[in-house]
Amino acid sequence: MTLTTTQSSSGLASTQHPHFVGLAQLRSLLAHEDVASDSAKSDAVLDMIAVLLRQGNARNAVEAFCRLKKICGSVCYMAQFRLRNWLEKQVMVRTGDAGWQPLELGFGDFRRLVQGYRHKEWEWQEAAGSWEDIEVIFAWSGVPEVLDPSEAEEAVVA
C-alpha cells in the first residue's frame, strides 16, 4: 500500500502551523516509554494533539491539557512543563466583566481551574451574586479582540 500526502494535510504539522511548538512537545511526550506503553496516557496525549492539529478552540485545548496532566501524572515532567509554559503563553482568559488576562494553569483539574477564576473575579465584584454564575472565557492569544458574540458563546465554560 502506498500512502500519499496531500498538500493540505502536509501543512498541518509544518513549522508554519500556529501550534507547532505545542505539537512538538506532545510528540516528545508521546514517545516517552511510560506513555507509549499505557493506552490511557497515549490517548490523552493524542486527544490534545487532535485539538491542536484541528486548531480547536482554546477552551478545548485547556481541557485536553488538564486531562493529560491528570492521566499522565509526573511522567516525562519536562515535556509537560514545557507544554504548560507554551499553553500559558498562547491562551488568554476573561472572567465576568474583567479584561483579558494570561492563563495560569495552577490547578491540574479543569473544573478547579474554572472555579478558581470565578472565585477570584467574585471577590472583586461590587454587586452581590453567586460566583458560579460568572462566565469564564478562554481564547487564543491575539484572538480576544476579534471575538464576536457568537464565538464568545462557543468559548464560554458552562
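For this structure, a couple of remarks:
- Heavy-atom surface of region 19-108, accessible at 1.4 Å and reported per residue (Å²): 50
- Karplus-derived 3J(HN,Hα), 6.51/-1.76/1.60, for each residue of region 51-60, Hz, glycine and proline x: 4, 5, 4, 7, 6, x, 5, 5, 4, 5
- Per-residue HN-Hα couplings for region 89-97 [Karplus 6.51, -1.76, 1.60; θ = phi - 60°; Hz; x = Gly/Pro]: 7, 9, 10, 10, 10, 10, 10, x, 8
- Theoretical gain in end-to-end length, Phe107 to Ser37 [0.36 nm per residue, Cα-Cα removed]: 22.6 nm
- Taking all protein chains together and rolling a 1.4 Å probe, Glu132 ends up with roughly 100 Å² accessible.
- Listed by chain and number, the lysines whose C-alpha is less than 21 Å from the C-alpha of Lys120, apart from same-chain residues fewer than 8 away, are Lys89.
- If you sort Trp86, Trp122 by accessible surface, 1.4 Å probe, largest first, the order is Trp122, Trp86.
The values are calculated or read from the model by the stated rules, or taken from the named source; none is laboratory data. Please read these numbers as outputs of a predicted model, since none were measured by experiment. To get the accessible areas, we keep the full protein, side chains included, count just its heavy atoms, and leave off ligands, DNA and RNA. Shrake-Rupley method; radii C 1.70, N 1.55, O 1.52, S 1.80 Å.
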